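Below you'll find the structure, written out as structure tokens, and then a few comments.
The values are calculated or read from the model by the stated rules, or taken from the named source; none is laboratory data. Treat the numbers as computed from the prediction; the structure is a model and nothing was measured. Every residue, glycine among them, receives a Cβ derived from its backbone with ideal geometry; neighbour counts consider all protein chains shown.
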Amino acid sequence: MEDCIFCKIVAGEIPCFKVYEDERVLAFEDINPISEGHTLIMPKKHARNLWEIPEKDLTAIHLASQKVGNAIREALDPAGIAVLQLNGRGVNQVVMHYHLHLMPRASDHPELPVTCWEIKEGDMEAIKKTAEKIAEALE
């Protein structure tokens with residue numbers, strides 16, 4: 001895609017702080033990090049979101065996330081790593097090129113905003129109906 005910033009990074013037109021690369025995947029540091037070591041992992045081939053990405057690229061990204069996550073753990077010794085992937089403007093996907101966020105949290109730093117929410121008991125009947133709708137769509 002001509003106007004995709006991540007495609008330009010893959011093409012070498014825009015620099016990045018690369019941490020991992022293979023034939024399908026590129027991983028680099030987010031320049032607007034939520035935490036130290038906030039890393040993005042994306043397919044080299046353009047795909048806008050989860051609905052468009054080829055299975056082989058999706059698999060490659062998640063296998064790479066384990067490698068990069070292990071490297072983050074070794075290098076930074078975080079208390080944990082949040083893994084986040086957004087699909088569509090309605091959930092604040094800003095760059096329309098599939099990418100996975102790895103966001104480590106040091107034990108002495110504040111909680112990550114994406115990992116904190118109030119747990120509220122759900123309506124079991126509504127949850128059951130939703131599950132049935134989704135399961136039916138899979139058939």
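Among the listed residues ASN87, ASN92, identify the single one that is loosely packed, with under 10 Cβ neighbours inside 10 Å and under 22 Å from ILE41 (Cβ atoms).
Testing whether each residue is loosely packed, with under 10 Cβ neighbours inside 10 Å and under 22 Å from ILE41 (Cβ atoms) leaves just ASN92.
Only one entry in GLU74, GLU118, GLU111 is modelled with pLDDT of 95 or more, more than 24 Å from VAL10 (Cα to Cα) and surrounded by fewer than 15 Cβ atoms within 10 Å (Cβ to Cβ), namely GLU74. If the condition is being loosely packed, with under 15 Cβ neighbours inside 10 Å and either of a type in the set (Phe, Trp, Tyr) or touching a helix residue (DSSP H, G or I) at 6+ places or on another chain (Cβ under 7 Å) (or both), then segment 1-21 contributes MET1, ILE14, PHE17. Can you name every residue in segment 91-121 that is in a loop (DSSP other than H, G, I, E, B), more than 23 Å from VAL19 (Cβ to Cβ) and hydrophobic (A, V, I, L, M, F, W, C)? Across segment 91-121, the qualifying residues are CYS116, TRP117, ILE119.
Residues checked against (1) of a type in the set (Asp, Glu); (2) within 27 Å of THR115 (Cα to Cα); (3) at pLDDT 95 or above:
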residue	(1), (2), (3)
ASP22	yes, no, yes
LEU26	no, yes, yes
ILE34	no, yes, no
ILE41	no, yes, yes
ALA47	no, yes, yes
ILE53	no, yes, yes
LEU63	no, yes, yes
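Of everything in segment 87-130, what is closer than 25 Å to GLU74 by Cα and in contact (Cβ under 8 Å) with a residue 60 or more places away in the chain? Give them in sequence order. Passing the criteria: HIS99, LEU100, HIS101, LEU102, MET103, PRO104, ARG105, ALA106, HIS109, LEU112, PRO113, VAL114. Within segment 44-68, the set of residues being surrounded by 19 or more Cβ atoms within 10 Å (Cβ to Cβ) and within 30 Å of HIS109 (Cβ to Cβ) comprises ILE61, ALA64, SER65, VAL68.
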